[in-house]
Amino acid sequence: MKAISGWLNWRTPSGYRWYIFLVLSFVYFLACLHRIAPTIIARDLVREFSAGATALGFMASAYFYLYAAVQPPVGVLSDTWGPRLVTTLFAVIACAGALLFGLAPNMTVATLGRALIGAGVGGVFVPALKVFSKWFHAQTFAAMTGIFLAMGNAGNLAASLPLTYLVIQMGWRMSFAAIGALSLMMALVCWIVVRDQPKDKGWPDVAVPAPAHGPLLDATPAGMTTLKRLGMVLGRPEFWMVTGSYFFFGGPTLGFQGLWTVPYLIDVHGLTRVQAGGILMLMPLGFVFGSPLFGILADRLPVGRKTVVIAALIIVMFCWGVFIVFGGHPPITLVPFLFFLIGFCGGGALSLFMTMNKELFPVWLTGTAMGLMNPAAFLSTALFQPFSGYLMDTVGRSGETYPLAAYYKVLLAIFITAVLSLIMIMPVSSSKKGLRD
């Protein structure tokens, strides 16, 4: 009981950091909710705007294009302006996007609203990791990243069955207006609670141990310009290997989860909207469990982060392979298990990609490094969603329904990208603690 009360004591650094963690986690929760929300309302948009799969794919991908585009500047701004200010401002932008999307009179305005949402929530993840690097010890960073991913991706859970019921009760327009109002409220809470570092509350810094290949300096070297920051990050070959694997792994799976999962379950397996929303929950539910577990295992197991990532990639590749073996139509009893396993291993791999990248660079360069890597999976998603829509439109539809052959093309593309992700990570050097060791 004393330990719990110590964690909740907002008058101490060890207690106050958990309040910061919870606030940022809820802001990230809203960001993840937006990612896969289109799959719940895909048929509503097709019906209301008379949109095809390609147009729907472009609308959904607008989130990811803007999300990816703002990552490098968000990373630099987190290192210069400070993550508290960045997160607050971008949460307000997300609010404006959600309101515009909910009021959209046509697909063009809906796409613009979706783009603003992507830009706004793009200012959450990287600043949060920057905050955590100041408030938590380096030895626990992988676990903290995993827990943060898990708590945020509970938003994906909310964007499945709970959002389905909300849309049924309120309609998709009012649902997004309510989400926008909640985003504005969290922007205010973020400004009130979050602090960039313990010094801002008059407390000493968290001790950070020196890495094996040189001092992990917290203070930014004199004369360190933005161009020099970018050059230091982009000049590391390991950065490109990790980022390339992250690109091929994260985007296609997220693209399918966020746009085609519910239509696939309805069109191919004949499920109702509520049943499909329930099965959709299993992918983010697996993510919620996998993110912290893989982070904790990677911190404690002697095999190294790379080995754990490779194991996760192989399992995900196998799962998508099952869909291919069955011609895109595995038994419905297998589908929930496969979706859960994809989410479970996907969450674990993504948290470790972030940790591997973070450990390449000193603390003062963390924001820039994360800001340059984080766009990869979202740019991949932005490219994959309209591409997958194009693949489906090459087969065609009957009314609002697409045939199995259309979905099979998309599933095959996802399997191929999973193989490419595994190939990209193989040359990366492996160690117990990470690349820097």
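None of the figures in this text is laboratory data; all of them are computed from the coordinates on show. It should be emphasised that the depicted structure is a prediction, and the values quoted were computed from it without experimental measurement. Backbone-built Cβ (ideal geometry, glycine too); neighbour counts: all protein chains shown.
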Original post:
In sequence order, what are the phi-derived ³J(HN,Hα) couplings for the range 353-360 according to the Karplus relation 6.51 cos²θ - 1.76 cosθ + 1.60 with θ = phi - 60°, rounded to whole Hz, with x for glycine and proline?
Top reply: 4, 4, 5, 4, 5, 4, 7, 7
Original post:
Local charge sum around residue 86 (other residues, Cβ-Cβ under 11 Å, Lys/Arg +1, Asp/Glu -1)?
Top reply: 0
**OP:** Would you mind checking which residues have amide H under 5 Å from residue 374's amide H? H placed 1.01 Å from N; only 5 or more apart, or other chain.
**Re:** none
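In deg cm²/dmol and to the nearest 500, what is the mean residue ellipticity at 222 nm of the chain if only DSSP H runs of at least 4 residues count, each as -39500 (n - 2.57), divided by the residue total? Show your work: numbers first, answer last.
Values: 19 runs with 326 residues, N = 437.
Taking each H run of at least 4 residues, the total per residue is -25000 deg cm²/dmol.
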**OP:** Give me the net charge of residue 382's neighbourhood, meaning all other residues with Cβ under 13 Å from the Cβ of residue 382; Lys, Arg count +1, Asp, Glu -1.
**Re:** +2
Original post:
Do you know the relative contact order of the range 16-127, to the nearest whole percent, from alpha carbon pairs under 8 angstrom that are 6+ apart?
Top reply: 35 percent
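Calculated FRET efficiency, residue 405 and residue 170, Cβ-Cβ r, R0 35 Å, to nearest 0.05? Numbers along the way, then the final one.
Numbers: r = 36 Å, r/R0 = 1.02.
The calculated FRET efficiency here is 0.50.
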**OP:** For the range 57-66, take each phi angle, set θ = phi - 60°, evaluate the Karplus expression 6.51 cos²θ - 1.76 cosθ + 1.60, and give the result in whole Hz per residue in order, putting x for glycine and proline.
**Re:** x, 5, 4, 5, 6, 4, 3, 6, 4, 6
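What does the charge dipole of the chain about its Cα centre add up to, to the nearest 20 debye, if the Cβ of each Lys and Arg holds +1 and the Cβ of each Asp and Glu holds -1? Intermediate results must be reported in sequence, preceding the final value.
Numbers: 27 positive and 14 negative charges, 145 e Å.
Using Cβ point charges on Lys, Arg, Asp and Glu, the chain gives about 700 debye.
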**OP:** Have a look at 292, 337, 347 and report the one farthest towards the positive end of the charge dipole of the range 287-437, computed about the Cα centre with Cβ charges (Lys/Arg +1, Asp/Glu -1).
**Re:** 292
Subject >> Dipole axis of the chain (+1 Lys, Arg; -1 Asp, Glu on Cβ), positive-most option in 101, 264, 427 >> reply: 427
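Work out the length of the dipole vector of the range 1-82 about its Cα centre, built from +1 on the beta-carbon of each Lys and Arg and -1 on the beta-carbon of each Asp and Glu, and round it to the nearest 20 debye. Kindly include the intermediate steps, with their values, before the conclusion.
On the way: 6 positive and 3 negative charges, 72 e Å.
In debye, rounded to 20, the range 1-82 gives about 340.
For residue 75, what charge total do you get from the other residues with a beta carbon under 12 Å from its beta carbon, if Lys and Arg give +1 and Asp and Glu give -1? Write down the numbers at each step before the final one.
Working: positive: 130, 229, 358; negative: 79.
So the surrounding residues net to +2.
Counting other Cβ atoms within 10 Å of each Cβ, which trypsin sites (Lys or Arg not before Pro) in the range 344-437 have at most 14 and sit in a DSSP loop? Working shown, then result.
Values: sites: 358, 397, 409, 432, 433, 436; in loops: 397, 432, 433, 436.
Answer in residue order: 432.
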**OP:** List, in order, the whole-Hz ³J(HN,Hα) value for each residue of the range 413-424 obtained from phi through the Karplus relation with A = 6.51, B = -1.76, C = 1.60 and θ = phi - 60°; use x for Gly and Pro.
**Re:** 4, 5, 4, 4, 5, 5, 5, 4, 4, 5, 5, 5
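How much length would be gained if the chain were fully extended between residue 200 and residue 9, taking 0.36 nm per residue of separation minus their Cα-Cα distance, in nm to one decimal? Please report the intermediate quantities before stating the final value.
Numbers: separation 191, 0.36 × 191 = 68.76 nm, distance 1.71 nm.
The residue 200-residue 9 span can extend by a further 67.0 nm.
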Original post:
For the chain: lysine pairs with Cα atoms under 24 Å, gap of 8 or more or different chains, count?
Top reply: 21
Subject >> Mean separation of Cα contacts under 8 Å, 6 or more apart, over the residue count of the range 98-205: relative contact order % >> reply: 36 percent
Original post:
Which of 9, 388, 129 sits closest to the plus end of the dipole of the chain, meaning its Cα is farthest towards the positive end, when Lys and Arg get +1 and Asp and Glu get -1 on the C-beta?
Top reply: 9
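Fewest to most neighbouring Cβ within 10 Å: what's the order for 48, 359?
48, 359
Which whole-number percentage describes the relative contact order of the chain, with Cα contacts under 8 Å and a sequence gap of 6 or more? The partial results should precede the final answer.
Numbers: 807 pairs, mean separation 114.0, N = 437.
Relative contact order of the chain: 26 percent.
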Original post:
Computed from the mean reciprocal separation of all distinct C-alpha pairs, what Kirkwood hydrodynamic radius does the chain have, in Å?
Top reply: 21.8 Å
